[in-house]
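Here is the structure we will look at.
Read-outs throughout are calculated quantities, based only on the coordinates presented, and are distinct from any laboratory measurement. Every value quoted in this text rests on a predicted model; they were computed, and no experiment measured them. Here the Cβ positions follow ideal geometry from the backbone for every residue, glycine too, while neighbour counts run over all protein chains shown.
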């Protein structure tokens, strides 16, 4: 029997292990942390978003420039199949009002426990506290452990080492120099689904940090001049903005900042009210009412939304109904920098797609396959990240087992 070694115990690595053992290989899984699936558990803390139920064409459009590379894996393991897979683990799912797919209990831990039970029953062997350091002079995999170095031979290897976000949960990008030394092309790791710094006034920071901004439409112009927009919510922080709809435009905003130094996002604070009607409402006599009271009564703007207006627009504009309405419908915020990679939800960059063949095997390292977030693709939250990690893990695990079996037969 051939042996496939999987390095990395996140969703991509676990799925690679499942696929490889299903294909007939003996599977050994190694992870640097004391237990597997740590980032997966944290990501599911607020409700595990497994995937999205929208039709395949719009679903795939969320992978942007990485679509051509990621599409075959997702078509082979689409959201509907993912739901069947979860059902077979004893985890029922449902489709939320947003189209997102969740476990019925919304939790990650029961799914992970059931998954690990099934993998162990299939004789997948787990080795934790084993940090991969590359290859030794004989070509064996080299790990450091609390008990000293360990050398492991394998017929094929699946690397599923994650990106560089949330390093305290194991996704620390330590694999980058190892593969770079072997001249494997790697795009620099960058934050994805991240927050951004805004130069708030001390008053705004003190009063509104941590406040949710409900139901706004956010627009940003991409580097090539295309305007993208999404509806949703976000949170103001002491440093800037993060969450929800900010993550949806974060890739575009990050790339504009890299090119131009800053990026402007435009907020429609009342997306359900047309500009003409809003202007008419704000043109009603204010009398002795304060601007704050007038905004509340005529535009429904209170709290942090009112704070954002006062932060950005001039006092003169606040008293001009036409200009004020225009500002409410397109309030400009200047993003000055993405938050650090270690704070990001996910990672852009990684092993170049050109470095891999259609089996996800490294062209310059036969028998070494890659999967998950360490590949150079990105997608917004909403189930797209997890679906692609699972799908690429499944593809890499299957093809690694097939490759190992074929080449072992040749050797025999």
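Between residue 45 and residue 94, what's the calculated FRET efficiency when r is the beta-carbon distance and R0 is 22 Å? Round to 0.05. List each step's numbers first, then the result.
Values: r = 19 Å, r/R0 = 0.85.
It comes to 0.75.
Could you state the number of Å between the C-alpha centres of segment 120-147 and segment 207-245?
Distance between centres, Cα-based: 42 Å.
Label-point separation (nm) for residue 358 and residue 129, each offset 7 Å from Cα along Cα-to-Cβ?
Output for this residue pair reads 4.5 nm.
Highest mean first, what order results for 388-401, 180-193 on Cβ atoms within 10 Å?
Working: 388-401: 28.1, 180-193: 17.1.
With the highest mean Cβ count within 10 Å placed first, the list reads 388-401, 180-193.
Could the peptides 80-93, 366-379, 232-245 be put in order, highest first, of the mean number of other beta-carbon atoms found within 10 Å of their residues?
Ranked from most to least packed, the peptides come out as 366-379, 232-245, 80-93.
With Kirkwood's inverse mean 1/r over C-alpha pairs for Rh, give me the Rg to Rh ratio of segment 66-172, two decimals please. If you can, show how the numbers build up before the last one.
Values: Rg = 18.0 Å, Rh = 17.3 Å.
Result: Rg/Rh = 1.04.
Starting from the Cα of residue 35, move 7 Å in the Cα-to-Cβ direction to define the label point; list residues of segment 93-110 whose amide nitrogen is under 15 Å from there.
Flagged as within label range: 108-110.
If R₀ is 51 angstrom, what is the calculated FRET efficiency for the pair residue 320 and residue 61, using the beta carbon separation as r and rounding to 0.05?
Details: r = 40 Å, r/R0 = 0.78.
Computed FRET efficiency for residue 320 and residue 61: 0.80.
Take peptides 197-209, 9-21 and line them up by average Cβ neighbours within 10 Å, highest first, as a rough protection proxy.
Details: 197-209: 15.2, 9-21: 29.2.
Per-residue mean Cβ counts within 10 Å order the peptides as 9-21, 197-209.
Take every DSSP beta bridge with both residues inside the chain and express the antiparallel ones as a percent of the total, to the nearest 5. Display every interim value, and only then the final one.
On the way: 44 of 60 bridges.
Restricted to the chain, the bridges split so that about 75 percent are antiparallel.
Normalised by the number of residues in the chain, what is the relative contact order in percent for Cα pairs under 8 Å and 6+ residues apart?
Working: 866 pairs, mean separation 104.6, N = 412.
Normalised by residue count, the contact order of the chain is 25 percent.
For residue 407 and residue 114 in the same chain, what is the full-extension length gain: residue separation times 0.36 nm, less their Cα-Cα distance, in nm?
Working: separation 293, 0.36 × 293 = 105.48 nm, distance 3.32 nm.
Difference between extended and current length: 102.2 nm.
Ignoring everything except DSSP H segments at least 4 long, calculate the 222 nm mean residue ellipticity for the chain; use -39,500 (n - 2.57) per segment, divide by total residues, nearest 500.
Values: 16 runs with 155 residues, N = 412.
Theoretical 222 nm ellipticity from helices: -11000 deg cm²/dmol.
How far apart, in nm, are the 7 Å Cα→Cβ label points at residue 336 and residue 76?
Calculated label separation equals 4.7 nm.
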